[in-house]
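S.K.: Below you will find the structure I want to go over with you.
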Amino acid sequence: MMRKTFAGMLCLLFIGLCGCWEIAEEEQGTTTSAAATEAVTAPLSTASQLAAMSKEEALSLVNRRCGDAYDMTRIDFDEPEFGLQIRSKSNDNFKLLCEGPKTDSGGSIYFTVQQFEFVLDDPETGEGHTATANWFSVYANGEITSMFEYDENGELELNQDY
């Protein structure tokens with residue numbers, strides 16, 4: 001129990017530092033409640049879904065959910081094999097990386113967005129590693145599901161529907 005609480009506190013600290021609070025956006029229907037993880041509505045055709053969503057739009061939706069903590073104009077790279085990556089407004093080491101599009105088992109198109117921090121291990125070489133804070137799936141209809149959720153006590157939970 002102590003280990004889970006400590007791990008939850010560390011994750012909350014990280015998320016607080018990068019400015020990404022799980023903000024309920026009622027007008028967008030992107031809350032962290034069970035309603036946000038319900039099944040996607042009837043899928044559009046693949047062509048319609050691709051026309052309805054871009055990597056930039058997927059990142060913008062996650063950024064809005066994260067309290068606009070990321071600067072959409074601070075692009076690290078935009079390459080087909082690596083995705084589109086942007087930086088935090090307050091810390092260059094906090095980033096969002098969007099990959100896709102991908103297709104789920106029901107035929108719906110979605111993008112995967114990784115929220116992470118780059119941790120510098122060796123200042124001389126610039127080598128380091130990433131520490132992931134969350135994974136998001138962003139569907140063409142604007143629905144966002146996240147891998148990690150927080151209960152009413154602020155305890156970190158794995159989203160079983162992700």
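S.K.: How large is ³J(HN,Hα), in whole Hz, for each residue of region 129-134 in order, when computed from phi with the Karplus curve 6.51 cos²θ - 1.76 cosθ + 1.60 and θ = phi - 60°, using x for Gly and Pro?
M.R.: For region 129-134, the Karplus-derived couplings read 9, 10, 10, 7, 9, 6 Hz, x marking Gly and Pro.
S.K.: For S105, S60, S146, what ranking results if the residue with the fewest other Cβ atoms within 10 Å of its Cβ goes first?
M.R.: Arranged by neighbour count, lowest to highest, S105, S60, S146 become S105, S60, S146.
S.K.: Counting other Cβ atoms within 10 Å, which GluC sites (Glu not before Pro) in region 64-157 have at most 10 and lie in a DSSP loop?
M.R.: Answer by residue number: E81, E124, E152.
Values quoted throughout were computed directly from the atomic coordinates according to the rules given, and no laboratory measurement underlies them. Just so we're clear, the structure is a prediction, and the values are computed from it rather than from any experiment. Quick reminder, even Gly has a Cβ in these numbers, built from the backbone with ideal geometry, and neighbours come from all protein chains shown.
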